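Structure, as structure tokens:
Derivation of every value follows stated rules applied to the coordinates shown; laboratory data play no part. Model, not experiment: these values are computed from the prediction. Counting neighbours? That spans all protein chains shown, and the Cβs are built from the backbone with ideal geometry, glycine included.
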Amino acid sequence: MLKRFALTLAITMAATMPAFAHLDPAEHGSFAAGFSHPLFGLDHILAMVAVGLWAATQGGRAIWIVPAAFVGTMALGFAAAIFGMPLPFVEPLILASVIFIGIAIALALPIPTAAVAALVGFFAFFHGHAHGGELGEAGAWQFALGFIIATAVLHAVGIALGLGLGRFGGKALARIVGGLTALGGVYLAIGG
């Protein structure tokens, strides 16, 4: 299983290389563009997988509450962008989400599930706003459905990663992955 996960992770990371770009919603169909958007940006992949990983390390009800909070609040951020609500610092806060969530996983602080859900929800609003801000001429609901499904898939990858790491190496491996995620966010923030 670990070999399959490593292969899946390698393929996912390769898909984020600069040669790949987000599909233009106006040119490539709104559902496909929405679905591809989170899959072709390292910042999105790191953040979405980290949300699932953090949920898994929290355990219990957090496994579904935390990703659901992210997806729901992301949809609200998307709607805010569609209706023209301006939001400052969208891209910096997306990068901050990668760093923050990675550090939270690495430190394994005992944070209640409701607080974790609120924290990821805060960042999710900015992720959703970014999706809505890049919509262009495409149909909003098809685009939204695409990125919501892709986000849920990335959360599921993070949950599977967290549960798998917990089985093979306890929380220590998850903490290392959290630290690496934070470092990835720092790398992206300084121009990577």
### Distance between modelled label sites at F168 and L183, nm, 7 Å Cα→Cβ extension
1.8 nm
### Task
Starting from the alpha-carbon convex hull of region 26-156, give the projected area averaged over all orientations, in nm².
7.1 nm²
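At 0.36 nm per residue, minus the direct Cα-Cα distance, what do A108 and F89 gain on full extension? Give it in nm, one decimal, please. Display every interim value, and only then the final one.
On the way: separation 19, 0.36 × 19 = 6.84 nm, distance 2.73 nm.
Net length gain for the segment: 4.1 nm.
Between the DSSP loop rule and a limit of at most 12 other Cβ atoms within 10 Å, which chymotrypsin sites (Phe, Trp or Tyr not before Pro) in region 82-183 are left?
On the way: sites: F83, F89, F100, F122, F123, F125, F126, W141, F143, F147, F168; in loops: F83, F89.
Answer by residue number: F83, F89.
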### Message
Within a 10 angstrom radius of the beta carbon, how do T113, T181 rank from fewest other beta carbons to most?
### Response
T113, T181
